[in-house]
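Q: Here it is, the structure, as structure tokens.
The values are calculated or read from the model by the stated rules, or taken from the named source; none is laboratory data. Small disclaimer: the values here were computed from a predicted structure and weren't measured. Note that we place each Cβ from the backbone using ideal geometry, even for glycine, and neighbour counts take in every protein chain shown. Each accessible area value is taken on the protein alone, full model and side chains, heavy atoms only, with ligands, DNA and RNA left out. Shrake-Rupley method; radii C 1.70, N 1.55, O 1.52, S 1.80 Å.
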Amino acid sequence: MSKKNSYIGVAFIILLFGIYTVPKVVSYFEDSGLVKFNKVPDFEFTNQEGKTITNNTYKGKVFVVEFFFSTCPTICPIMNQKMLTIQDSFFGNPEFGIASISITPEIDTPDTLKDYAKSNGITHKNWHLLTGKSEKIVYALSNKGFKLYAGKGEEEHGGFEHSGLFALVDKDGFIRSRKDEFGNPIMYYRAIQEQSFPDQIKELKEDIKLLLNE
């Protein structure tokens, strides 16, 4: 075989290999590419309408989770203003939801949360403001289940403290996130600006769209 024919043969093999591998590359990019973490633990709460909400309520839905309390004087109003923009971006989408879990269940009764929803423009039918039977249950879900801090705090912060991060959960109940510019998973999305770091609401909306298409 001449060198010319040999080069043609090699080129043909490379071409075939490229054609064979293209679908695999496309398949990779069709997947969201978001990192998958642990599955959200089972939970059962009551929403602002007095209905029981569990993991199964969100089955088959992409949803965002936050921990908050209605009387929070500091970061909660900022967080929920950001969450409202997410609501508006996916309003009417039956495959999207939000879980706002109160860390002060003794204060945040269903009626209190219903008033909070009305006064804050919360109208998406899958945005559930959730209250539990005790702080202990909520703290366990926050601190152990999500690894997002919640607990007692200083009076100037309303007497309680919680994370200013949003968790993104896929249709199968797994926490998901993108990677940062260094290739490290961010795990959660900043709801508020922290010093020189801006919020990540734009990135969160982008990743919600990716998971909705998975």
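Q: If you take the square roots of the eigenvalues of the alpha-carbon gyration tensor of region 48-181 and sort them as a ≥ b ≥ c, do you get rounded (a/c under 1.5), prolate (a/b over b/c) or oblate?
A: Note, shape of region 48-181 comes out rounded.
Q: Number of Lys pairs in region 95-214 with C-alpha atoms less than 21 angstrom apart, excluding same-chain neighbours closer than eight positions?
A: 21
Q: Keeping all protein chains in position, work out how much accessible area D115 exposes to a 1.4 Å probe, and write it in Å² to the nearest 10.
A: 100 Å²
Q: Run the numbers on region 24-123 and let me know its relative contact order in percent, using alpha-carbon pairs under 8 Å that are six or more apart.
A: 34 percent
Q: Quick one: how many Å² of K114 are accessible to a 1.4 Å probe, rounded to 10?
A: K114 has an accessible surface of roughly 70 Å² with all protein chains in place.
Q: Let me ask something else about it. Just to verify a number: FRET efficiency for K202 and E95, C-beta to C-beta distance, R0 = 25 Å, to 0.05?
A: Step by step, r from the Cβ atoms, then E = 0.75.
Q: Counting only residues 5 or more places away or on other chains, whose amide H sits under 5 Å from the amide H of A150 once H atoms are built in the peptide plane?
A: N143
Q: Could you derive backbone 3J(HN,Hα) for region 176-189 from the dihedral phi with the Karplus parameters 6.51, -1.76 and 1.60 (θ = phi - 60°), listing whole Hz in sequence and x where the residue is Gly or Pro?
A: Whole-Hz 3J(HN,Hα) from phi for region 176-189: 10, 7, 7, 9, 7, 5, 9, x, 9, x, 7, 6, 10, 10.
Q: Using the Cα centre of region 64-189 as the reference point, and only Cβ charges (+1 on K/R, -1 on D/E), how large is the resulting charge dipole? Debye, rounded to the nearest 20.
A: With only Lys, Arg, Asp and Glu charged at Cβ, the dipole is about 400 debye.
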